1. Between Asn53 and Lys74, what length comes free when the chain is fully extended (0.36 nm per residue of separation minus the Cα-Cα distance, one decimal in nm)?
2. Could you run the Karplus curve 6.51 cos²θ - 1.76 cosθ + 1.60 with θ = phi - 60° over the range 325-333 and give me ³J(HN,Hα) per residue in whole Hz, x for Gly and Pro?
3. Using r as the Cβ-Cβ distance of Lys203 and Asp282, and R0 as 25 Å, what FRET efficiency do you calculate, to the nearest 0.05?
4. Given a 1.4 angstrom probe, what's the average accessible area per residue across the chain, in square angstrom?
5. Quote to one decimal, in nm, the extra length available between Asp262 and Lys84 on full extension: 0.36 nm per residue of separation minus the C-alpha distance between them.
6. Using a 1.4 angstrom probe on heavy atoms only, work out the carbon and sulfur share of the accessible area of the range 112-199 in %.
7. Can you give the relative contact order of the range 237-328 as a percent, counting alpha carbon pairs under 8 Å and 6+ residues apart?
8. How far is helix 338-349 tilted off the main Cα axis of the chain, in degrees rounded to 10, range 0 to 90?
Amino acid sequence: MKRKLLSLMLVGTMAASMVACGSSADTATTDNASQDATTDSAATEAVQSDDENTLTVYAWDENFNIPALKAAEKDYQEVNPDFKLEVITQSQSSDVEQAVTLAAEAGDYSTLPDIVLFQDHYFQQYVTNYPDAWQSADGADCDWDGLGAEKLSYSTVDGTHYGFPVDAGTAIFAYRTDLLEQAGYTIDDVTGITWDEFDKIGKDVYAATGKYLLCMDGDGNDLFYMMLQEEGVSQFKDGEPYFTENETLVKVFNTLVTLAQDNVLYLANDWSDYTDQAIQGDMVAGVFNGNWIIPTMKQVTDNSGKWEIVPAPTLTGKPGYASNGGSSLYITANCKKTDLAKDFLAYTFGGRSAEDGQSITYDEALLNGGVIGTCAAAAESDVYQQGVDFFNGQAIYADIVEYTQNVATVEQSDYHYQARTALATALINVLQNGYEPDAALEEAETNLRFEMGL
């Protein structure tokens with residue numbers, strides 16, 4: 001019963017936490033008449049097909065994930081012309097989690113499609129709770145080494161591969177070069193710097209322009225995770241919260257307190273305030289988040305050509321690489337055409353090199369949906385090497401794939417988002433409620449341990 005309650009609670013939290021990864025219900029197309037023949041609504045589409053060359057998949061976001069799946073279908077039809085991929089559109093990622101939960105709790109996986117798109121940070125929770133819901137990806141003809149160790153750490157459980165990575169959650173740190181210039185700085189001045197140096201530059205930028213050099217959703221604060229991952233450190237140790245005795249986390253926490261107090265970091269009230277006001281409202285000169293934030297930035301067309309990206313600051317000044325978000329494709333227990341599913345997923349998202357003709361999936365997913373793959377070989381294509389006008393002609397997609405290969409693998413936890421909430425609350429308690437940092441972290445760790453039943 002406890003496992004069931006935790007799973008249902010998990011589903012409830014997904015709708016709020018997954019907006020950042022292109023899973024918002026607002027981004028889903030509601031006009032079913034506009035969808036092409038391979039995409040249909042869950043209400044009308046059967047979860048299975050009797051055709052031996054057809055696979056079904058649950059996925060969300062008409063503007064991001066689904067174009068990537070359509071590209072993969074087109075790619076695989078080069079070797080299997082009879083192949084069809086029926087995409088059963090979900091409004092958001094939590095719908096997929098709920099479908100798996102309900103099927104598992106009912107002990108009936110026949111309600112699931114062949115494949116599901118699943119958020120990376122939540123997969124291990126579902127393997128733990130429902131190990132019989134999934135089929136292993138082992139034996140698929142994938143270049144696992146080229147798919148990024150950090151990315152695969154989410155979908156590899158006890159040495160068994162389960163997932164085929166779709167989009168890289170690799171973080172970018174983007175700067176407005178025109179605003180840096182107004183404060184007397186260039187992009188080189190913010191490359192390879194410490195957070196202390198970043199704070200000094202940020203204060204100068206704020207004084208000169210009135211703009212913050214960094215922003216984040218104060219409720220869903222992902223800075224802790226990303227800044228720790230840059231240092232190769234986790235919020236967890238041996239399955240337990242690792243806050244108060246984690247010297248790196250304490251330094252990161254105190255750094256964020258200082259940045260906020262110095263008007264270098266703007267902590268938005270919620271996700272809408274973060275995207276609509278801070279970023280699109282032109283309040284900031286810097287953005288640090290998963291690369292899925294790029295379409296939000298591009299909405300401000302007047303700023304085209306003014307942004308560039310570099311590795312993030314770190315505590316020591318070494319180049320900082322992190323990841324935040326992303327999803328993978330998983331074969332469910334209900335799939336009766338496992339060999340076809342493995343072959344399709346390996347051929348399209350399995351890390352084939354440019355010489356092997358990988359361009360259709362990776363290139364068209366990027367061109368049509370803005371999906372940046374995790375595959376190292378993707379960066380070899382002309383599409384990835386192409387300069388991007390919005391980022392001053394920088395070939396950011398090739399750069400992001402390179403960043404992906406440098407992201408450190410750190411301990412993951414089923415309670416990733418609960419830790420995020422606890423640390424976000426601790427920071428607000430210091431900035432607004434008079435807490436001392438040590439006391440705020442201690443309370444956060446105590447509350448998380450209680451939530452985890454420790």
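The values are calculated or read from the model by the stated rules, or taken from the named source; none is laboratory data. For clarity, every value in this text was computed on a predicted model and none was experimentally measured. Cβ: placed from backbone, ideal geometry, glycine included. Neighbour counts: every protein chain shown. Calculation scope for accessible area: heavy atoms of the full protein, side chains included, ligands and nucleic acids excluded. Shrake-Rupley method; radii C 1.70, N 1.55, O 1.52, S 1.80 Å.
1. Going from the current span to full extension adds 6.2 nm.
2. Each residue of the range 325-333 in turn: x, x, 8, 9, 9, 10, 8, 8, 5 Hz.
3. 0.85
4. So the chain comes to 38 Å² accessible per residue, rounded to a whole number.
5. Result for the pair: 58.6 nm of gain on full extension.
6. Working: 1100 of 2770 Å².
That share works out to 40 percent.
7. Working: 38 pairs, mean separation 14.8, N = 92.
Once normalised by length, the contact order is 16 percent.
8. 40
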